[in-house]
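These notes concern the structure reproduced below.
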Amino acid sequence: MSFYPPEVHCRFLAPKFAGRTCTANAAGTGASFKCGCFVRFSMSIDPKIKKILEATYTTNGCGYMAAAADAIAEELSGKILTELGSAGHDGILNAIAAIVGPYPETRQHCASAAAEAVAAAFGDFRAFLIEEFSGEQALLCTCFGVSEKTIEEYVEEHAVEEGLLFDATDDDGKVTNKTATDRLKAAKAEGADRDEIKALVHVVGLFKAETAAKKAGKDARLNLDQLTLKQYTQLGTADVQSLVIDDKWGDRIAGGVNAERAALIQKLVERLNVLGERYEQTVGDLDAEVESLSEKVAAHLAAMGIA
């Protein structure tokens with residue numbers, strides 16, 4: 001008879017999502033001081049559509065912890081982040097209970113560690129998005145719908161030989177705002193092909209939009225800097241301490257402490273497992289085994305006629 005409930009026992013012996021995700025862009029660790037075990041989730045999430053392509057976990061914990069991690073990995077795989085809503089700690093615990101059944105009070109910390117690891121992984125993904133969404137091009141593209149890449153792609157498509165923008169290229173084969181504007185004037189004057197004029201109008205519009213976007217971005221950044229400097233003069237000592245210590249250093253220190261804690265817990269558990277295996281048999285068990293083996297040896301010697 002198994003020590004675990006049926007669903008927990010099944011997932012412990014045949015986990016579906018145990019392992020590591022090679023293309024992970026989000027990872028998080030949770031640990032429990034009650035049993036000294038940890039669980040780490042790694043996820044591959046599509047940044048564009050926010051879909052969890054793969055969710056896996058590793059753990060040195062018991063069957064309850066492994067089953068909780070396996071259940072939540074199954075629940076998350078293939079989901080769009082917006083579909084999860086505000087899946088906080090309690091929501092994750094409810095999802096685990098719905099899949100593998102309610103945990104006894106003495107094992108709630110196993111499910112909590114899994115929920116903590118998932119929350120940490122989502123936080124890691126948010127940090128990944130913030131890091132990816134940087135630079136002027138990302139800002140322009142999102143706010144104004146145009147960037148240098150937008151123009152480059154359109155020009156590459158139409159500035160080929162016999163293309164609609166071929167006559168707007170310069171000596172280096174490039175299309176600029178000036179060459180496109182000049183060619184547009186000439187094309188209208190000579191009654192050029194309607195599609196060429198349409199393409200020229202479009203690319204000139206892109207150049208103008210890019211210029212306006214860059215100016216707006218520069219003005220907005222300057223305005224933000226001015227507002228920030230103005231706000232700094234209104235900060236008190238407590239505000240500065242909160243910004244510098246809590247927000248800047250606090251998260252980094254807490255993350256380092258949690259990582260070190262998880263590593264130490266893992267080493268401690270591994271050492272305890274080694275000691276447990278080494279001293280699994282008592283002296284009485286060893287004496288009984290020696291006595292049994294001695295009797296067998298004596299019996300074999302007697303059968304061979306050796307006193």
Residue list for the range 21-59, restricted to those being in a loop (DSSP other than H, G, I, E, B), out of contact with any Phe, Trp or Tyr (no Cβ under 9 Å at 6 or more places or on another chain) and surrounded by fewer than 15 Cβ atoms within 10 Å (Cβ to Cβ): C22, T23, F33, K34, K48, I49
Search result, residues across the range 152-190 that are among the aliphatic types (A, V, I, L, M), surrounded by fewer than 18 Cβ atoms within 10 Å (Cβ to Cβ) and under 45 Å from the mean Cα position of the chain (by Cα): V160
The listed residue being under 16 Å from F17 (Cα atoms) and crowded, with 16+ Cβ neighbours inside 10 Å, out of I96, I92: I96
Any hit, the range 21-30, residues being under 20 Å from the mean Cα position of the chain (by Cα), more than 27 Å from V269 (Cβ to Cβ) and at pLDDT below 90: yes
Of residues in the range 89-113 being under 23 Å from the mean Cα position of the chain (by Cα) and free of Cβ contacts under 8 Å to residues at least 24 places away in the same chain, the one farthest from A73 (Cα to Cα): D90
Candidate set: the range 71-90, residues that are under 15 Å from A120 (Cα atoms) and not acidic (D, E); chosen: the one modelled with the lowest pLDDT: S86
Neighbours by Cβ (under 9 Å, 6+ apart or cross-chain): first from the range 213-229, within 26 Å of L243 (Cβ to Cβ); second aromatic (F, W, Y) and surrounded by 10 or more Cβ atoms within 10 Å (Cβ to Cβ): G217/F144
Selection status of D195, within 17 Å of I151 (Cα to Cα) and of a type outside the set (V, I, T): no
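The values are calculated or read from the model by the stated rules, or taken from the named source; none is laboratory data. Note that the structure is a prediction, hence the values are computed from the model and not measured. Note: ideal-geometry Cβ built from the backbone for every residue, glycine included; neighbour counts use all protein chains shown.
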